[in-house]
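A short worksheet on the structure shown next.
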Amino acid sequence: MEPPKTIQVNRPATPENFPPPTPPPPPPPSGPNNAADRAKEWRDEAWLHLRRVVRGDFLTERATDAERARLAHSSPPITPPLAQDYAAWRKSVLWVAAVVMAIYAMWDLATYTTIEEQMTSAARAQLKAELKSQGIEAEITREMVEMKRNQQMELLGRDNAETLDGINSILKLSVLVSASLAGVAAFRWSDPKRSRKWSRAAWLVVFLTPFVLTLLPFTSLMDFSHLSGHGEEVVKQVKQGFGAYFALSVFMMIGPKAIALFPGIIRSSMSLKTLLPESGTPGWVICIMGPMYAVFLLVIMSTVNQAHGDIFLIGGVASFIAGAVIYAWRADRLARPHTPEEVTTMVRQIRRQAMLCNVSGCVLLCIFIMRMPGLQPADVVSFMLGVLATVLLLTIVSSDFVLALMEQSYRQQRHFAGSELEASLENRYNALKAVGYTTLRDRKEG
């Protein structure tokens, strides 16, 4: 017997037959609540960027849902989660780098002083030293300072002073241009091609500008004909003094960029090791850059130590050298494939050891800097901001470059595997290994 069929009755569409309408969402709060929400959102965003910059770990810091949605709807769309994580990390580092670079530029422009203003301060300090050495207690008047400054300006020449002011202006404006380009790269973070181009341009501007200027022999191009009546010896002394001042000014601009090369590449490689733990290439880059960084610091310490020998300088640079050597000492662990679980623990340990050395070096160098006579605090702040900004910017530029090299190397290795060239290379390595030439570190047997 068949079950009875269900008979559907079409009821007329009356208001009683419709479900109750869904109430509209409440309007967003207005007034102080909106401002408070925006402020909280900004704080959370800033904390997210800073956390990503400090950690540099792709296994713990991932892209947010909003970032993934933005990347998925970008042109072209970016959908692989790993690529989204890398893009989100780039965005955070770029924004922090742009902000620090902007602060660096604003600080340099706010503390900018012309050669005439610098000579005024130098004349006042020189007068104080002269009166103190003679045991005279007298008030230094404005007329005395102006007379001393005019004497110095007459030796240098006002045209030469204006030329030097122009050079310093170009150097400082290059930082502002670099900050703007880094900001554009951060704003276009969801477009990999354009973001990479803008970030490279930002680094090239701030890095190459001082080097291009130093290629010009300014002391030979300056006009010292106004000193012809004082004799060749006076002209020679003025040129030497001018050259020393220009060299110091250039070092304050080039120094942060040169010093930032090594830690920037090391930081980017450590982050890439967490992005691609199965690859040993980031470890090899770190192993190469670590010893080079140590030698570079040793050269700087040896040079500065001849003019300003100090135990705090030696201890500070030695701490930085120890931090760089740690990466080379851990070469056997960094330069091999790892699982994600292994690489997280290993990277944290190595970073912690290197960070202890770097913090100790910063403390000792700060003590040395504060003890140096004649060094302006504004110059110290500018130098430190320059190092930090350049390290952050180079971290991104180096990461993009090394990542591309890693992918190319991986493709070549796949074609190389199983070929006759691989067998030939294997025989060569075996011959060198048999006598211990390929051993990184001697180990005790048993």
Please tell me if residue 418 is loosely packed, with under 13 Cβ neighbours inside 10 Å and either in contact with a strand residue (DSSP E or B) (Cβ under 6 Å, 6 or more places away or on another chain) or modelled with pLDDT of 80 or more (or both). yes
Single match in 99, 177 (criterion: of a type in the set (Val, Ile, Thr), open to solvent by 20 Å² or more (accessible area, probe 1.4 Å) and within 30 Å of residue 61 (Cα to Cα)): 99
Please determine whether any residue of segment 56-64 is in a helix (DSSP H, G or I) and open to solvent by 70 Å² or more (accessible area, probe 1.4 Å). no
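I'd like the full set of residues that are within 21 Å of residue 388 (Cβ to Cβ) and free of Cβ contacts under 8 Å to residues at least 24 places away in the same chain, limited to segment 52-77.
First, the residues of segment 52-77 that are within 21 Å of residue 388 (Cβ to Cβ): 52-57, 61.
Matches in segment 52-77: 54, 55.
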Restricting the search to segment 69-89, which residues are part of a helix (DSSP H, G or I) and either open to solvent by 60 Å² or more (accessible area, probe 1.4 Å) or among the β-branched types (Val, Ile, Thr) (or both)? 70, 81, 82
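In segment 310-355, how many are of a type in the set (S, T, N, Q) and within 21 Å of the chain's Cα centre (by Cα)? Spell out how you get there, then give the answer.
Residues of segment 310-355 that are of a type in the set (S, T, N, Q), as a first pass: 319, 339, 344-345, 349, 353.
Remaining after also requiring within 21 Å of the chain's Cα centre (by Cα): 319, 353.
Counting residues in segment 310-355 that are of a type in the set (S, T, N, Q) and within 21 Å of the chain's Cα centre (by Cα) gives 2.
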Looking at (1) under 30 Å from residue 176 (Cα atoms); (2) open to solvent by 70 Å² or more (accessible area, probe 1.4 Å); (3) small (Gly, Ala, Ser), find the lone condition where residue 92 falls short. (2)
One residue is enough: does segment 210-222 have a residue meeting the conditions modelled with pLDDT of 80 or more, of a type outside the set (Gly, Ala, Ser) and exposed (fewer than 13 other Cβ atoms within 10 Å of the Cβ)? yes
So, residue 268, is that one under 19 Å from the mean Cα position of the chain (by Cα), touching a residue at least 60 places away in the same chain (Cβ under 8 Å) and either assigned to a loop (DSSP other than H, G, I, E, B) or under 30 Å from residue 382 (Cβ atoms) (or both) or not? yes
Of the conditions (1) part of a helix (DSSP H, G or I); (2) closer than 21 Å to residue 396 by Cα, the single one that residue 108 does not satisfy is (2)
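The values are calculated or read from the model by the stated rules, or taken from the named source; none is laboratory data. Given the structure is predicted, the values throughout are model-derived calculations rather than measurements. Because the Cβ atoms are built from the backbone with ideal geometry, glycine has one as well, and the counts that use them run over all protein chains shown. Areas reflect the complete protein model, heavy atoms only, side chains present, ligands, DNA and RNA absent. Shrake-Rupley method; radii C 1.70, N 1.55, O 1.52, S 1.80 Å.
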